[in-house]
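Visitor: I'd like to ask you about the structure that follows.
The values are calculated or read from the model by the stated rules, or taken from the named source; none is laboratory data. This is a predicted model, so every value here is computed, not measured. Backbone-built Cβ (ideal geometry, glycine too); neighbour counts: all protein chains shown. The protein model used for the area step is the full one, side chains on, heavy atoms only, and it has no ligands, DNA or RNA in it. Shrake-Rupley method; radii C 1.70, N 1.55, O 1.52, S 1.80 Å.
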Amino acid sequence: MILRPVPSLKGSKPTTGTRIIVVSNRLPLTLQKTEQGWKSARSSGGLASAMSPLLEKTGGDWIGWAGDSGGGEDNEERQTILAEWAENEHCFAVNLPPDVAAGFYEGFANQTLWPVFHNFPSQLKFDAKDWQAYVEANRIFCDAVVNRYRPNDLIWVHDYHLMLLPQMLREKSPDAAIGFFLHIPFPSSEIFPVLPRREELLEGLLGADLLAFQTHGHVQQFRAALLRVLGMESKIAEVSLGSRPVRLEALPIGIAPEEYTSLLTTNEKAGQQYGEWVERYRGRKVLLAVDRLDYTKGIPERLRAYAYLLRSSPELKEEIILIQVAVPTREGIDTYQDLRTEVNRLVGEINGQLGTPEWTPLVYINRSIERSELVGLYKLADVCWVGSLRDGMNLVAKEYVASKPNGDGVLVLSEFAGAAAEMGEALLINPYDEERTAATIKRALSLDEQERRLRMTALHNRVLRNDVFHWGERFLASLEDAVSERGRYIDTQPQRLRVSDIRDAYLQARRRLLILDYDGTLVPFVKRPQLAVPPPTVLELLKALASESGNCVALMSGRSAQNLERWFGNILQLYLVAEHGAELKTPSASTWESLRPQPPSDWKATVMPILEHFVDRTPGSFVEAKKYALVWHYRMAEPEFGEWLANELVSMLEAMLAETELRAFRGEKSVEVRPVWANKGEPFKRLLKEFSDPDFLLAAGDDRTDEDLFERLPADAWTVHVGAGPTRASYVVTDFQFLRRVLELLANSGVSQRAS
Ligand code: ADQ
C-alpha cells in the first residue's frame with residue numbers, strides 16, 4: 001500500500017468508547033537516514049486516513065515497523081525520534097533486525113504470500129529461512145502489542161504480513177478482542193493449498209474474533225480453504241472452534257472522499273497546475289492509469305491493449321493520450337526489476353513506433369506523485385483505466401470517481417479487482433483480453449453524455465456514502481459484536497449430563513418424546529455399515545422405552561428405510577426415520593412416507609462416477625447407494641489420506657452442486673450427497689403432529705447430522721451429544737455406552753408404577 005501524508009495523531013486522547021490498538025506492517029511515519037542524520041517522514045494512504053480519526057476519538061496506539069532496521073553509532077538520535085513518535089503521536093515502532101526484516105518483508109510476505117494470494121503461483125518463491133523470519137517478525141509484533149495492551153482494548157491487525165499474529169496474541173491474552181482485516185484478495189481453494197505453511201497461516205488467522213475481507217467472494221474462498229486444508233466446516237458468517245466463534249465478514253474498504261472532492265479549490269498550487277494541464281491537452285482525450293509498479297496491476301497488459309487500440313483504430317491517433325503513473329515499489333525483488341524493464345521497453349516501443357513529431361501517445365511517470373498532482377490528473381482524465389489482473393479492492397478506482405462530482409468521466413475497471421463487486425456502473429474489462437479491452441476503451445471514449453452521467457453519478461454517490469470512516473466504524477462495531485457473541489457462546493457450551501437430573505425430569509413428565517440416532521449413539525461404528533446389526537440389549541432397550549405408556553420413541557438414522565425396517569420393524573410402537581429425515585414410518589402404517597417429493601434421481605448418474613473415482617484412489621473405501629443419497633465411506637482407508645480426500649471431494653462437489661438442491665455433507669468417515677432438505681430437523685414437525693405437547697423431550701446423537709435436529713428443538717429439550725467435538729447440544733456424554741446406561745435407567749425408572 002502506498003503511504004501518503006495524513007493529519008497528525010498528536011493530541012489523541014482516550015475519550016469515550018473502547019481504546020483501540022492498530023497493528024500494521026508500516027506505521028504512518030517512516031524513519032529515513034539522510035546526510036543530515038535521521039529524519040521522520042509522515043506518510044500514509046487511505047489506511048492512515050481511516051485510523052487517525054478512530055484513534056483520535058477512542059485514544060489508543062498504532063504499532064508498526066518504521067521501515068528501517070536500526071541505527072549504528074547514531075542510534076541515540078534515532079531513538080530520540082522514536083521516543084517522540086511514542087510520546088506525541090502514539091505511534092510505537094517495532095524493531096526488526098535486518099535479517100528478520102529482509103526475510104519477513106521481501107521474502108515470505110512479498111515473494112511467497114503476495115503472489116499466491118493474487119493467483120500467481122508461478123511467481124512463488126519459498127525459502128524456509130524466510131518463513132522463520134516471518135514467524136519471528138510476527139512474534140516481535142506480538143510482544144510489542146502485549147506490551148501496550150490493556151484489558152478491554154480492541155486490537156485491529158492489518159493484512160497479510162501479520163497472519164500469525166491473531167493466534168499468537170490469543171495465546172498470550174486469551175480474552176483479548178482481536179480483529180483482522182485482509183487488504184489483498186483471498187485466493188481460490190485450488191491455489192491456496194500450494195502455499196507452503198498454509199496450515200499454520202490459517203490457524204494463525206483463526207486466533208481472531210473477527211476476520212474481515214474486501215468482498216464476499218474472498219470470504220467464500222477463505223471458507224473453501226478452511227475446508228480443503230484443515231477439513232473445517234464453517235457457516236456463511238462464522239467458523240465455530242468449539243469454545244469460541246470466529247466471525248467472517250465482507251467489509252469493502254473506502255476512501256476519505258473530501259481529500260479528492262475539494263482539493264483543487266482549496267489548494268491554489270494544485271488548481272494552477274491543473275489549469276496548465278487543461279491547456280496542454282486541450283483537444284485531446286486523456287486516458288489515465290495510476291498504479292504501483294506491481295505485476296498484479298496489469299501494466300504491460302494495458303500497454304499492449306493501448307498499442308492494439310492505436311494500431312486498429314488509426315482515427316484515434318493524435319486524438320488521445322494515455323498518462324501512465326507507476327510508482328516504484330519492492331525494488332529489491334527480481335520480479336519487480338523484470339517488470340520495470342518490460343514496461344520501459346513497451347513505453348519506448350509505443351512512443352517510438354506510434355508517436356509523431358506533434359504527438360507522444362504515452363506519458364510515463366515512474367515516480368510517486370503528490371496528492372495535489374494526482375487529484376489534478378483525476379480531474380483531467382476523460383477515462384480512468386484500472387486493469388488489475390487481481391486486486392483486493394483498488395483505491396484508484398474510488399479516488400477517480402470521488403474526483404468527479406459533476407458526473408464527468410468514465411471508469412473502465414478490471415473485473416478482477418475487488419472494486420468491481422461494488423462498482424457495477426463502471427465499464428468492466430478482462431485485462432487479459434487485449435482486443436476487447438481496446439474495444440471497451442473505444443466505447444468509453446465515445447459514451448453518450450447521458451449514459452456517462454448516469455453511470456458516474458451513481459458511482460460517485462456510492463463512493464461518498466461508503467467512505468473509509470464508515471468502514472472503520474463498521475469494523476470496530478462488528479468486532480465488539482463478535483466479542484459479545486463469544487460470551488453467549490461460552491454460556492451455551494454443553495454441560496456433562498447428570499443422570500439424576502434427567503431421571504427426575506423423565507419421572508415428572510407425562511408425555512415423553514425420545515428421538516435417538518443409531519450409529520455412534522446406541523452402537524459403536526464398525527468398518528462396514530451392514531455389520532452394525534443391533535445387539536439384543538439395544539433391541540430390548542428400544543422395546544422397553546417404546547412400549548412405556550406416555551412415551552413416543554423415534555429412531556432417526558442416516559440408514560436406508562429397508563435397513564431400518566429389517567432390524568427394527570418388529571418393535572411395535574417404534575417410529576422409524578430413514579435417510580437423515582427423508583422418510584418416516586409410523587408404528588401404525590404399513591408403508592414409508594416421504595417427507596418431501598422425491599427429486600428426480602438422474603443426478604446420481606453424474607455424481608456416481610466421481611465417487612467411484614474416489615473409491616479407485618482409496619483402497620478400502622466404497623459407495624453406498626440409498627434412495628435419496630449416495631455415500632462415500634472411507635472408514636477403512638488410511639486415516640490422514642481419507643480425511644484429505646474427503647476434503648477434496650467435498651470442495652469439488654460443492655462447486656458442482658452449487659445451483660442444485662443437493663449438497664455434499666461430511667459424516668463420520670463418510671461424505672454423503674443428498675438433498676439439502678433431507679436433514680434430521682425436517683421430521684421433527686411431523687413427529688409433533690403424531691405426538692403433540694410433549695413435556696419431556698430427549699434427542700441424542702453423535703455427529704453433524706444430529707446438529708440439525710438439536711437446532712430445531714426448544715431450549716428446554718434434553719439435547720445430548722455423544723462423544724467429543726463441537727456441538728450445539730445442551731449436554732454431552734462420553735460415549736454410546738454411557739448413553740445406553742442412561743436410557744436403561746430411564747427404562748427401569750418405574751415411571752409406569754408412579755403413573756398408576
Ligand atoms: P495497493 O496494492 O497499494 O493496496 P491501491 O488500492 O490501488 O493498491 O492503493 C494504491 C494507493 O496508492 C492509492 O491511494 C493511489 O492513489 C496511490 N498511488 C498509486 N500510484 C501512485 C503514484 N504514482 N503516486 C502517488 N500515489 C500513488 C492494497 C491492496 C489493494 C487495496 C488497498 C486498500 O493491494 O487491493 O485496495 O490495499 O485496502
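Visitor: Considering region 511-534 alone, what residues qualify as being modelled with pLDDT under 95, assigned to a loop (DSSP other than H, G, I, E, B) and open to solvent by 30 Å² or more (accessible area, probe 1.4 Å)?
Guide: Correct list: P524, F525, V526, K527, R528, V533.
Visitor: Is one or more of the residues making up region 320-327 within 15 Å of A439 (Cβ to Cβ), away from the ligand (no atom under 16 Å from the Cβ) and either surrounded by fewer than 23 Cβ atoms within 10 Å (Cβ to Cβ) or of a type in the set (S, T, N, Q) (or both)? Walk me through how you get there before you give the answer.
Guide: Filtering region 320-327 for residues within 15 Å of A439 (Cβ to Cβ) gives 320.
From what is left, the residues that are away from the ligand (no atom under 16 Å from the Cβ) are 320.
Restricting the remaining residues to those that are either surrounded by fewer than 23 Cβ atoms within 10 Å (Cβ to Cβ) or of a type in the set (S, T, N, Q) (or both) gives 320.
Within region 320-327, one or more residues are within 15 Å of A439 (Cβ to Cβ), away from the ligand (no atom under 16 Å from the Cβ) and either surrounded by fewer than 23 Cβ atoms within 10 Å (Cβ to Cβ) or of a type in the set (S, T, N, Q) (or both).
Visitor: Scan region 572-605 residue by residue and report those that are in contact (Cβ under 8 Å) with a residue 12 or more places away in the chain and either open to solvent by 80 Å² or more (accessible area, probe 1.4 Å) or assigned to a helix (DSSP H, G or I) (or both).
Guide: The answer is L572, Q573, E579, H580, G581, R596, Q598, W603, K604.
Visitor: Tell me, yes or no, whether region 249-257 has at least one residue that is more than 16 Å from the ligand (Cβ to nearest atom) and within 19 Å of A477 (Cα to Cα). Reasoning before the result, please.
Guide: If we filter region 249-257 for residues that are more than 16 Å from the ligand (Cβ to nearest atom), which is where we start, we get none.
Among the residues of region 249-257, not one is more than 16 Å from the ligand (Cβ to nearest atom) and within 19 Å of A477 (Cα to Cα), which makes the answer no.
Visitor: Just to be sure before I move on: is E77 modelled with pLDDT under 90 and surrounded by fewer than 15 Cβ atoms within 10 Å (Cβ to Cβ) in the structure I sent? Walk me through how you get there before you give the answer.
Guide: Numbers: modelled with pLDDT under 90: yes; surrounded by fewer than 15 Cβ atoms within 10 Å (Cβ to Cβ): yes.
Here the answer is yes, as E77 does meet what is asked.
Visitor: With the checklist (1) farther than 20 Å from Y378 by Cβ; (2) within 16 Å of the ligand (Cβ to nearest atom) in hand, flag the one item P300 doesn't pass.
Guide: Of (1) farther than 20 Å from Y378 by Cβ; (2) within 16 Å of the ligand (Cβ to nearest atom), only one is false for P300: (2).
Visitor: Give the residue that is most open to solvent (accessible area, probe 1.4 Å), with candidates limited to residues of region 160-169 that are touching a Phe, Trp or Tyr at 6+ places or on another chain (Cβ under 9 Å) and within 14 Å of L206 (Cα to Cα). Quick ask: steps written out before the conclusion?
Guide: Just the residues of region 160-169 that are touching a Phe, Trp or Tyr at 6+ places or on another chain (Cβ under 9 Å), to begin with: 160-166, 168-169.
The next check asks that each one be within 14 Å of L206 (Cα to Cα); those that pass are 160, 162-166, 168-169.
Values: Y160: 5, L162: 0, M163: 1, L164: 15, L165: 0, P166: 0, M168: 39, L169: 4 Å².
For region 160-169, the residue satisfying everything is M168.
Visitor: Moving to a separate point now. If I236 satisfies every condition in (1) under 27 Å from the mean Cα position of the chain (by Cα); (2) more than 16 Å from the ligand (Cβ to nearest atom); (3) under 30 Å from S49 (Cβ atoms) but one, which is the exception?
Guide: Unmet for I236, out of (1) under 27 Å from the mean Cα position of the chain (by Cα); (2) more than 16 Å from the ligand (Cβ to nearest atom); (3) under 30 Å from S49 (Cβ atoms): (3).
Visitor: Here's a check for you: in region 366-383, which residue that is in a loop (DSSP other than H, G, I, E, B) and away from the ligand (no atom under 12 Å from the Cβ) is least open to solvent (accessible area, probe 1.4 Å)? If you could, list the steps in order and put the result at the bottom.
Guide: If we filter region 366-383 for residues that are in a loop (DSSP other than H, G, I, E, B), which is where we start, we get 366-370, 381-382.
Then keep just the ones that are away from the ligand (no atom under 12 Å from the Cβ); that gives 381-382.
Numbers: A381: 1, D382: 54 Å².
My answer is A381.
Visitor: Oh, and also: Which one is farthest from E268 (Cα to Cα) among residues in region 357-376 that are in contact with a Phe, Trp or Tyr (Cβ under 8 Å, 6 or more places away or on another chain) and modelled with pLDDT of 95 or more? It would help to see each step written out before you state the result.
Guide: The first filter runs over region 357-376 and keeps only residues in contact with a Phe, Trp or Tyr (Cβ under 8 Å, 6 or more places away or on another chain), leaving 361-362, 375-376.
Cutting the leftovers down to modelled with pLDDT of 95 or more gives us 361-362.
Numbers: P361: 29, L362: 28 Å.
That would be P361.
Visitor: Among (1) within 16 Å of the ligand (Cβ to nearest atom); (2) within 15 Å of W114 (Cβ to Cβ); (3) not in a helix (DSSP H, G or I), there is one condition H161 misses while meeting the rest; what is its number?
Guide: (3)
Visitor: Could you go through region 329-336 and let me know if any residue there is touching a residue at least 40 places away in the same chain (Cβ under 8 Å) and either of a type in the set (G, A, S) or surrounded by fewer than 17 Cβ atoms within 10 Å (Cβ to Cβ) (or both).
Guide: Yes, some residue in region 329-336 is touching a residue at least 40 places away in the same chain (Cβ under 8 Å) and either of a type in the set (G, A, S) or surrounded by fewer than 17 Cβ atoms within 10 Å (Cβ to Cβ) (or both).
Visitor: Moving to a separate point now. Among the residues in region 304-314, are any charged (D, E, K, R) and more than 16 Å from the ligand (Cβ to nearest atom)? Walk me through how you get there before you give the answer.
Guide: Our first condition is that a residue be charged (D, E, K, R); within region 304-314, this holds for 304, 311.
Checking the rest, the ones that are also more than 16 Å from the ligand (Cβ to nearest atom) come to 304, 311.
Yes, the conditions are met somewhere in region 304-314.
Visitor: If you don't mind, another one. Considering only residues of region 12-30 that are farther than 16 Å from A144 by Cβ and either open to solvent by 50 Å² or more (accessible area, probe 1.4 Å) or in a strand (DSSP E or B) (or both), which is modelled with the highest pLDDT?
Guide: T30
Visitor: Would you tally the residues in region 400-415 being within 13 Å of the ligand (Cβ to nearest atom), out of contact with any strand residue (DSSP E or B) (no Cβ under 8 Å at 6 or more places or on another chain) and either over 23 Å from Q450 (Cβ atoms) or among the acidic types (D, E) (or both)? Can you show your working first?
Guide: Taking region 400-415 and keeping what is within 13 Å of the ligand (Cβ to nearest atom), we get 400-403, 413-414.
Okay, now just the ones that are also out of contact with any strand residue (DSSP E or B) (no Cβ under 8 Å at 6 or more places or on another chain), so 402-403.
Remaining after also requiring either over 23 Å from Q450 (Cβ atoms) or among the acidic types (D, E) (or both): none.
Total meeting the criteria: 0.
Visitor: Now for a separate question. Residue under question is E583, and the condition is that it be among the acidic types (D, E) and more than 25 Å from M656 (Cβ to Cβ); does it hold?
Guide: Judged against the criteria, E583 is a match.
Visitor: Sticking with this one: Can we say G254 is open to solvent by less than 40 Å² (accessible area, probe 1.4 Å), in a loop (DSSP other than H, G, I, E, B) and small (G, A, S)?
Guide: Details: open to solvent by less than 40 Å² (accessible area, probe 1.4 Å): yes; in a loop (DSSP other than H, G, I, E, B): yes; small (G, A, S): yes.
So G254 passes the test.
Visitor: Let me ask you something else. Please specify each residue of region 606-635 satisfying the condition of being touching a Lys or Arg at 6+ places or on another chain (Cβ under 6 Å), modelled with pLDDT of 90 or more and either open to solvent by 30 Å² or more (accessible area, probe 1.4 Å) or small (G, A, S) (or both).
Guide: A629
Visitor: Sticking with this one: Go through region 709-721 residue by residue and tally those that are outside any loop (DSSP other than H, G, I, E, B) and either closer than 16 Å to E682 by Cα or open to solvent by 10 Å² or more (accessible area, probe 1.4 Å) (or both). It would help to see each step written out before you state the result.
Guide: In the first step, residues of region 709-721 are kept if they are outside any loop (DSSP other than H, G, I, E, B); the result is 709-712, 718-721.
After this cut, where a residue has to be either closer than 16 Å to E682 by Cα or open to solvent by 10 Å² or more (accessible area, probe 1.4 Å) (or both) as well, the list is 709-712, 718.
Adding up the residues that qualify gives 5.
Visitor: Could you say whether any residue in region 81-101 is assigned to a helix (DSSP H, G or I), under 22 Å from D294 (Cα atoms) and free of Cβ contacts under 8 Å to residues at least 60 places away in the same chain? Break it down into steps so the answer makes sense when it comes.
Guide: First pass over region 81-101, keeping only residues assigned to a helix (DSSP H, G or I): 81-89, 98-101.
Adding the requirement that they be under 22 Å from D294 (Cα atoms) leaves 101.
Now drop any that are not free of Cβ contacts under 8 Å to residues at least 60 places away in the same chain, which leaves 101.
Among the residues of region 81-101, at least one is assigned to a helix (DSSP H, G or I), under 22 Å from D294 (Cα atoms) and free of Cβ contacts under 8 Å to residues at least 60 places away in the same chain, which makes the answer yes.
Visitor: Let me ask you something else. Could you look through region 393-451, keep only residues that are charged (D, E, K, R) and within 23 Å of the chain's Cα centre (by Cα), and pick out the one that is least open to solvent (accessible area, probe 1.4 Å)? Reasoning before the result, please.
Guide: Our first condition is that a residue be charged (D, E, K, R); within region 393-451, this holds for 398-399, 404, 408, 415, 422, 425, 433-436, 442-443, 448-449, 451.
If we keep only those that are within 23 Å of the chain's Cα centre (by Cα) as well, we get 398, 415, 422.
Working: K398: 7, E415: 95, E422: 39 Å².
Ranking the candidates gives K398 first.
Visitor: I'd like the full set of residues that are open to solvent by less than 80 Å² (accessible area, probe 1.4 Å) and assigned to a helix (DSSP H, G or I), limited to region 538-548. Before the answer, list the steps.
Guide: Here is the first cut: in region 538-548, the residues open to solvent by less than 80 Å² (accessible area, probe 1.4 Å) are 538-539, 541-542, 544-548.
V538, L539, L541, L542, A544, L545, A546, S547 - these are the residues of region 538-548 that are open to solvent by less than 80 Å² (accessible area, probe 1.4 Å) and assigned to a helix (DSSP H, G or I).
Visitor: Something else now. Restricting attention to region 350-365, which residues are open to solvent by 50 Å² or more (accessible area, probe 1.4 Å) and within 14 Å of the ligand (Cβ to nearest atom)? Please lay out each step first, then the result.
Guide: Filtering region 350-365 down to residues open to solvent by 50 Å² or more (accessible area, probe 1.4 Å) leaves 352-353, 357-358, 360, 364.
Within region 350-365, just Y364 meets the criteria.
Visitor: Select from region 170-183 the residues that are open to solvent by less than 10 Å² (accessible area, probe 1.4 Å) and within 16 Å of the ligand (Cβ to nearest atom) and list them in ascending order.
Guide: Selection gives G179, F180, F181, L182.
Visitor: Would you check which residues across region 116-137 are in contact with a Leu (Cβ under 7 Å, 6 or more places away or on another chain) and either without any contact (Cβ under 8 Å) to a residue 24 or more places away in the chain or farther than 22 Å from Q214 by Cβ (or both) and list them?
Guide: Matches in region 116-137: V135, A137.
Visitor: Another one. Among the residues of region 420-431, is there at least one that is farther than 18 Å from P185 by Cβ, not aliphatic (A, V, I, L, M) and not in a loop (DSSP other than H, G, I, E, B)?
Guide: no
Visitor: Among the listed residues R247, R284, R292, R304, which satisfies the condition of being out of contact with any Phe, Trp or Tyr (no Cβ under 8 Å at 6 or more places or on another chain), free of Cβ contacts under 8 Å to residues at least 40 places away in the same chain and open to solvent by 10 Å² or more (accessible area, probe 1.4 Å)? Lay out the reasoning, then the answer.
Guide: Values: R247 fails: free of Cβ contacts under 8 Å to residues at least 40 places away in the same chain; R292 fails: free of Cβ contacts under 8 Å to residues at least 40 places away in the same chain; R304 fails: free of Cβ contacts under 8 Å to residues at least 40 places away in the same chain.
Criteria check complete, one pass: R284.
Visitor: So which residues in region 337-365 are touching a residue at least 40 places away in the same chain (Cβ under 8 Å) and part of a loop (DSSP other than H, G, I, E, B)?
Guide: Hits for region 337-365 are E358, P361.
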